[in-house]
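Structure record follows, encoded as structure tokens.
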Amino acid sequence: MRYAMAIDTRKCVGCGDCVVACQVENNVPIGYCRDWVVESMAGTYPKLEIEIRSERCNHCDNAPCVRCCPTGASHIVEGGIVLVTHQKCIGCGACIQSCPYDARYSHPDGYVDKCTFCNHRIAEGKDPACVSVCPTKCMYFGDLDDPNSPVSKALQDRRYKTLAPEAGTHPQIYYLL
Amino acid sequence: MEKKLSLEESRQRLTQIEDDLIRPLKSHKGLEIWVLFLLLMLTLGFYAYYLQLRDGLGVTALRDYVQWGMYISNFVFFVATSLIGMLITSVLGLLRIPWITPLTRIAETIALAFAMFAGIVIIIDMGRPDRFPYLFLHGRLQSPILWDVTVVTTYVIISLLLLFIPMIPDAAILRRRMQNSPKWQQAVYKFLSANWVAAPEQYALIKKSIRVLAILIIPTALAIHTVTSWLFASTLRVGWDSTIFGPYFVSGAFVSGVAAVIIAMYFFRTNYKLHNYITEAHFNRMGQLLVLMCFIYLYFNLNEYFVPAYKMRKAEGHHLEALFTGNWAVMFWATQLGGLVIPMLLLIFKPFRKPLPALIISIFVLVGAWFKRLLIVVPTQQHPYLPIQNVPQNFITYKPTGVEIMLTLLPMVGVLIVITIIAKLFPIVPIWETAHEQGIDESVIK
């Protein structure tokens, strides 16, 4: 089992619904976020191209945040989901520094927090909150080991990329091009 | 060593040395104001910490991008300055450099005080300080944070031993000489003198212990600052992702440590009237040592900044531009020139190695060293690995708050308190080693 997400950069309109859904679902404090939308512009006027990406923790196979965690609060559970046990986190910030995606933040209560792939919803057989609210259905979530999962199907016939592959983290969020 | 002294001469000279070195422990002129100042700062610091405990790290300017700000810079500075104990006592001591004798205790006191508070600085930076024991209960070996905690603790313990074991004969002397002191103080001397009767076997044992500790502390000291540098170097961030961070940090540590010792030397020399013990020759030597350390550090700085600047790779280029010509330029050039290059060039000339000029230059070096740590820690975080557009302004800018500044000063006040206590309870220049160096036979020093 390997949970992953594919996000269609051509379908995404950058509405930010995923961000709001996540904040509501996971009770993220105001001013913080577990996912965010990046618009990256390329080219010169009038030939401009914009790529819109909904970004979050990449739930890396080789996660530097888990490696450097001094107490084991950051850990990987079945399905490759990287989680933080809030009760075990001492708030040293080492994981925040080690993450090339800047996916983690320091919660006002002192511990570190980040995307969980909504593992409480997965357990109920639902999609993560961000995926389920997307108005353009640009996000696909599922098990990479299952060839019939939405994410496997999405990756089968499209070109895709991952972010900062050179960091060697083997990220599990795929961006369809 | 000078010619062999007669027994009578030896006794007279020893009494003279004891008088000179113990006198400062008995007079408390100006101490009240100093202690009052320290206590005031301590109270303000504790109040600031209370605010931070109550409201969380939100009271600081630490936000999404800059997660490690002044606190971690301060931590690096503390660890750096504490390395001086190893340089003076161990490296120079094992090389049998004769002039370090009166400086060893100053260096060890500084080392111990800074190392102790380095651990406290890290607790101040923690989001959940109440969970500090988790580092030991749930510690995981692959985390650089755990390595750091381990080596800092080890270094504090060895430094403690390296301060108090050579003090055993002095504690015995103090027991004899400080009969009028309060009961608790006499109890401290009694405990620390560890049944010292100046037997030849005891001398042999103490010298061997000091030697063993002096050797043990070298790898430990190298480890604490190397591991501290790895907290940064083990990430992917520009400006930190460097293979020379270990030696770069260690060489920088000796610069700030030597400067701190020169400042302390000047203070104790004038206030404790130790002109015959800490002489101009000592300032001359320490000045030369500082030149050497500055040269080595400058060499590593060149490697660290010039090589990437030659290439100006994309992300690294942004980072270096911010340092060289951007919003960090003033601080960068002030620390590099005012805190390193100019002091080094001045100290090459002998008149600048006289006590007063050496003091002023050392203050510049030490202050520069603090800001250098800030320049290593903060600007990097403002240039994340994957830069994105339209980031909220408060993510990028970093303006430390009042609470943060107070909590940066708090450990410094702590260091001053520890140094004050040690320097008020014990002679800051070792009596028995000084006496021994002046040719007084060991059997006389009781």
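Selection within the range B:5-28: residues that are touching a helix residue (DSSP H, G or I) at 6+ places or on another chain (Cβ under 9 Å) and not in a helix (DSSP H, G or I). The member of this set that is surrounded by the most Cβ atoms within 10 Å (Cβ to Cβ) is B:Leu5.
Please go through the range B:118-143 and give me each residue that is facing another protein chain (nearest Cβ under 10 Å) and outside any loop (DSSP other than H, G, I, E, B), ordered by number. Those that are facing another protein chain (nearest Cβ under 10 Å) and outside any loop (DSSP other than H, G, I, E, B): B:Ile122, B:Ile123, B:Asp125, B:Pro129, B:Asp130, B:Arg131, B:Tyr134, B:Leu135, B:Phe136, B:Leu137. Filter the range A:23-60 for residues that are part of a strand (DSSP E or B) and in contact with a helix residue (DSSP H, G or I) (Cβ under 7 Å, 6 or more places away or on another chain); which is farthest from the other protein chains (Cβ to nearest Cβ)? Selected residue: A:Ser54.
Of all residues in the range A:61-84, those being assigned to a loop (DSSP other than H, G, I, E, B) and either farther than 28 Å from A:Met1 by Cβ or in contact with a Lys or Arg (Cβ under 7 Å, 6 or more places away or on another chain) (or both) number 7. Would it be correct to say that B:Leu192 is part of a helix (DSSP H, G or I), crowded, with 20+ Cβ neighbours inside 10 Å and touching a residue at least 12 places away in the same chain (Cβ under 8 Å)? So B:Leu192 fails the test. When you scan the range B:432-442, do you find a residue that is among the acidic types (Asp, Glu) and either at pLDDT 95 or above or outside any helix (DSSP H, G or I) (or both), even just one? Yes: the range B:432-442 contains one or more residues that are among the acidic types (Asp, Glu) and either at pLDDT 95 or above or outside any helix (DSSP H, G or I) (or both). Taking the stated definitions as given, is B:Phe426 at negative phi, of a type in the set (Phe, Trp, Tyr) and within 14 Å of chain A (Cβ to nearest Cβ)? Against the criterion (at negative phi, of a type in the set (Phe, Trp, Tyr) and within 14 Å of chain A (Cβ to nearest Cβ)), B:Phe426 does not qualify.
Of the residues making up the range B:95-121, those that are crowded, with 24+ Cβ neighbours inside 10 Å and farther than 30 Å from B:Ile431 by Cα number 1. Pairing residues of the range B:63-74 that are surrounded by fewer than 22 Cβ atoms within 10 Å (Cβ to Cβ) with residues that are among the polar types (S, T, N, Q) and outside any helix (DSSP H, G or I), at Cβ distances under 6 Å and at least 6 apart in sequence or on separate chains, gives B:Tyr65/B:Gln382. All conditions but one from (1) surrounded by fewer than 22 Cβ atoms within 10 Å (Cβ to Cβ); (2) at the interface with another protein chain (Cβ under 10 Å from one of its Cβ atoms); (3) under 13 Å from the mean Cα position of the chain (by Cα) apply to A:Cys99; the one that does not is (1).
This table checks each residue for (1) in contact (Cβ under 8 Å) with a residue 60 or more places away in the chain; (2) small (Gly, Ala, Ser); (3) not in a helix (DSSP H, G or I).
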| residue | (1), (2), (3) |
| --- | --- |
| B:Leu274 | yes, no, yes |
| B:Asn284 | yes, no, no |
| B:Ala315 | yes, yes, no |
| B:Ala334 | no, yes, no |
| B:Leu356 | yes, no, no |
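The residues of the range B:144-166 that are of a type outside the set (A, V, I, L, M), touching a helix residue (DSSP H, G or I) at 6+ places or on another chain (Cβ under 6 Å) and within 13 Å of chain A (Cβ to nearest Cβ), listed by number, are B:Pro144, B:Trp147, B:Asp148. When the range B:44-58 is limited to residues that are of a type in the set (A, V, I, L, M, F, W, C) and surrounded by fewer than 18 Cβ atoms within 10 Å (Cβ to Cβ), the one that is nearest to B:Ala113 (Cα to Cα) turns out to be B:Phe46.
Take the conditions of a type outside the set (Val, Ile, Thr), on the phi > 0 side of the Ramachandran plot and more than 20 Å from the chain's Cα centre (by Cα) and apply them to B:Met312. Does it pass? Judged against the criteria, B:Met312 is a match. Restricting attention to the range A:145-177, the residues that are assigned to a helix (DSSP H, G or I), of a type in the set (Val, Ile, Thr) and within 14 Å of A:Ala63 (Cβ to Cβ) add up to 0.
One residue stands out among those in the range A:61-85 that are more than 9 Å from chain B (Cβ to nearest Cβ) and over 16 Å from the mean Cα position of the chain (by Cα): the one that is nearest to B:Leu146 (Cα to Cα), which is A:Thr85. Output the residues belonging to the range A:59-82 that are buried (at least 24 other Cβ atoms within 10 Å of the Cβ) and in contact with a Gly (Cβ under 8 Å, 6 or more places away or on another chain). A:His59, A:Pro70 - these are the residues of the range A:59-82 that are buried (at least 24 other Cβ atoms within 10 Å of the Cβ) and in contact with a Gly (Cβ under 8 Å, 6 or more places away or on another chain). Residues that are within 14 Å of another protein chain (Cβ to nearest Cβ), surrounded by fewer than 22 Cβ atoms within 10 Å (Cβ to Cβ) and acidic (Asp, Glu): does the range B:32-43 have at least one? No; the residues of the range B:32-43 include none that is within 14 Å of another protein chain (Cβ to nearest Cβ), surrounded by fewer than 22 Cβ atoms within 10 Å (Cβ to Cβ) and acidic (Asp, Glu).
The values are calculated or read from the model by the stated rules, or taken from the named source; none is laboratory data. Given the structure is predicted, the values throughout are model-derived calculations rather than measurements. We place every Cβ from the backbone using ideal geometry, glycine too, and count neighbours over all the protein chains shown.
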